[in-house]
1. Distance cut-off 22 Å, Cα to Cα: go down the list A:Lys425/A:Lys458; A:Lys62/A:Lys260; A:Lys239/A:Lys388; A:Lys216/A:Lys409; A:Lys416/A:Lys439 and report the pairs above it.
2. Search the structure for amide H atoms under 5 Å from the amide H of A:Val278, placed 1.01 Å from N in the peptide plane, and list their residues when 5 or more places away or on another chain.
3. Given axes a ≥ b ≥ c from the Cα gyration tensor, I'd like to know whether region A:286-333 is rounded (a/c under 1.5), prolate (a/b larger than b/c) or oblate.
4. Express in whole angstrom the spacing between the alpha-carbon centres of region A:454-483 and region A:224-296.
5. For region A:147-172, list residues with backbone N below 14 Å from a point placed 7 Å from the Cα of A:Ala69 toward its Cβ?
6. What number do you get for region A:348-496 when its Cα radius of gyration is normalised by 2.2 N^0.38 Å, N = residues?
7. Can you work out the PRE-style zone for A:Ile41? Point 7 Å along Cα to Cβ, and I want the residues of region A:345-364 with backbone N under 15 Å.
8. Quick check on the exposure proxy: order A:Val278, A:Val340, A:Val112 from fewest to most C-beta atoms within 10 angstrom.
Amino acid sequence: MAQTLTNKEITPRSKDYSQWYNDIVLKSGLADYSAVRGCMIIKPYGYTIWEKMQHTLDKMFKDTGHVNAYFPLFIPKSFFSKEASHVEGFAKECAVVTHYRLKLDETTKEIVVDEEAKLEEELIVRPTSETIIWNTYRSWIQSYRDLPLLINQWANVVRWEMRTRLFLRTAEFLWQEGHTAHATAEEAIEEAEKMLNVYADFAENTLAIPVIKGIKTPNERFAGAVETYCIEALMQDGKALQAGTSHFLGQNFAKAFDVKFANKNGELEYVWATSWGVSTRLMGALVMSHSDDLGLVLPPKIAPLQVVIVPIYKGLDEMCEIKNAVEPLIKGLLKNNITVKFDDDDKQRPGWKFAQYEMQGVPVRIAVGKRDLSNNQIEVARRDTHEKVYFSLDNAVESVVKLLDNIQKNLFRLAKERLDANIHKVNSWEEFKEVLDNKGGFVYAHWDGTSETELKIKEETKATIRCIPLDNPKEEGKCIYSGKPSPQRVLFARAY
RNA sequence: CGGGAUGUAGCGCAGAUGGUAGCGCACCAGGUUCGGGACCUGGGGGGCGCUGGUUCGAGUCCAGUCAUCCCGACCA
């Protein structure tokens, strides 16, 4: 896709982080603002990355026994309100359909809502699908033989947020939501934890984003869940980002929608549930984790284009000569399932192309000119470190394959080091505030376990408890805020 | 919903004291170029978010309105 980028300067991260983020998203061609408030247009380049995420995740879901299905966009208001804490959690951000027809106003000649076409019952545009899915599951589940029911849905959802940000919080976003039903609590919990691990695996090994696995405090729990598991990532500005969640829903939705099954003894029991999801927010996490002041930086495993070859030539003859020389390299890379492009566009000059591909985050750029041919070499520039090296043409395929693997690992390593370096253990309230203001990142501190304390800390510092890490060691201590006894430290941070 | 800012060409912007729109990039044509965002020459394109005022005359002044962005409040 030919896409011309203009005004390519990116605001430096150090100057204005928000602006830097917006610049990367807009100028690398990932997304754009739309005419609709809080919604965004995902452009072809960005969508390709999302598709790669989808394909990888979808395979992981299928490998763990799940299948895909699709449920309606509209949810009757009555369904929505059946689970009390669920409706309470989402009520403030719902788009509601009230009418089904427009008409021409004869006096003003304007199209207006036809008041006569008012719906008997309003429809909620799904902010999440638990209710409509559990209403359906009632008729799908009768016996323990119908369980477990392991279904995933790829869909869009709408949450009418007050303030939006490209990818991180948009009014409409794309996601997948898994909804499973189980015969026992243990099995459901196991499922929730399994899917959390799938997410963590995906984030770390495909997106090269290190995450912390943990559980949410009751305060931060999903509306309607008994336990919320999450993966938390750290962005380059020191703010945390929730990258995925997996919920153990207990029997809350089964009870609300009367979903029972007959166990082996013929007794009726309520079903146990989970739900889990990741969204296009991961796109934002990807941008914020790796990119630099030259533009997007993509891990090879998710990059739509992994290798680009830019010929440097005078005249058609030279171009053909170069093309012939790199032909084996291209074929070899394709054989290794690496996406490669030979950019023979003679309307742009090499320097322009270099800048363009850097902006788009292409992991490896190869330049080949007459000088290289006479040395039987290629010039290879890696996007992550900006280093340039020369590879012999003879074993260029292996070298590039190895380099791509190297870049993937390096991006993860850098992000992991940044994460590890930004988990600050603190023992006093003063230190807590000082670290938040000057260093950012996660603050690992004692908390007395009460919602009151959690909320007060949030009020005073804007920091929330991101999670209680899954493998958190028990450690006696005193809450940094209240001074009351605390059995363990938890992770605080300011978050997106 | 508060605070700040901005709406002028596809994009980014300039247009003091009001006089009938301009610059850079992009685009089109031709030529020279091609190892880090090329250069020269010649072109095409907008009536200034919207609605009313004031005025002989309004991107420019006044009033209203809409939209967007940033910072808050809100938010798996």
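1. From the list (A:Lys425/A:Lys458; A:Lys62/A:Lys260; A:Lys239/A:Lys388; A:Lys216/A:Lys409; A:Lys416/A:Lys439), the Cα-Cα distance tops 22 Å for A:Lys62/A:Lys260; A:Lys239/A:Lys388; A:Lys216/A:Lys409.
2. Those qualifying (amide H under 5 Å, at least 5 residues apart or on another chain) are A:Gln176.
3. oblate
4. So the separation of the two Cα centres works out to 21 Å.
5. A:147-154
6. After normalising by residue count via 2.2 N^0.38 Å, the value is 1.64.
7. none
8. A:Val112, A:Val340, A:Val278
Read-outs: derived from the displayed coordinates by stated rules, not from any lab. Everything numeric in this text was worked out from a predicted model, so none of it was measured. All Cβ positions, even for glycine, are placed from backbone atoms using ideal geometry, and neighbour counts span all protein chains on display.
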